[in-house]
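Only one structure is covered here, and it is reproduced in the block below.
A short reminder: the numbers here are calculations on the coordinates, not readings from a lab. This is a predicted model, so every value here is computed, not measured. Neighbour counts run over all protein chains shown; Cβ positions are idealised from the backbone, glycine included.
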Amino acid sequence: MQRKLARQQKDSKRRNKTRIRIAKQHNKIADKRTDFLHKLSTRIVRENQAVILEDLNVSGMAKNRSPSQSN
């Protein structure tokens, strides 16, 4: 659809319709992704008694060549 839009003449009614169709498709995909994430997070919370998050400085850990030795 986006290729079709790129080929169409600017400021035409058909191009506007195609643009709206593309926007609707993007919204559908975004809604499906958020729905999946919500369902997954609720399932994780229901199945487990405790959920623990750890904030790690991954980029800093990657830069450290010898992580076993502390300075």
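The stretch between Arg43 and Asn57, if pulled fully straight at 0.36 nm per residue, gains 2.3 nm over its current Cα-Cα span. Close lysine pairs were tallied over segment 2-50: pairs 8 or more places apart or on different chains with Cα atoms under 26 Å apart number 14.
Taking Cα centre as origin and charging only the Cβ of basic (Lys, Arg, +1) and acidic (Asp, Glu, -1) residues, the dipole magnitude of segment 2-50 rounds to 620 debye. Spacing of the modelled spin labels on Asn16 and Ala50, each 7 Å from Cα toward Cβ, amounts to 6.0 nm. Each principal axis of the Cα cloud of the chain was taken in turn, and the coordinate range along them, longest first, works out to 65, 37, 13 Å.
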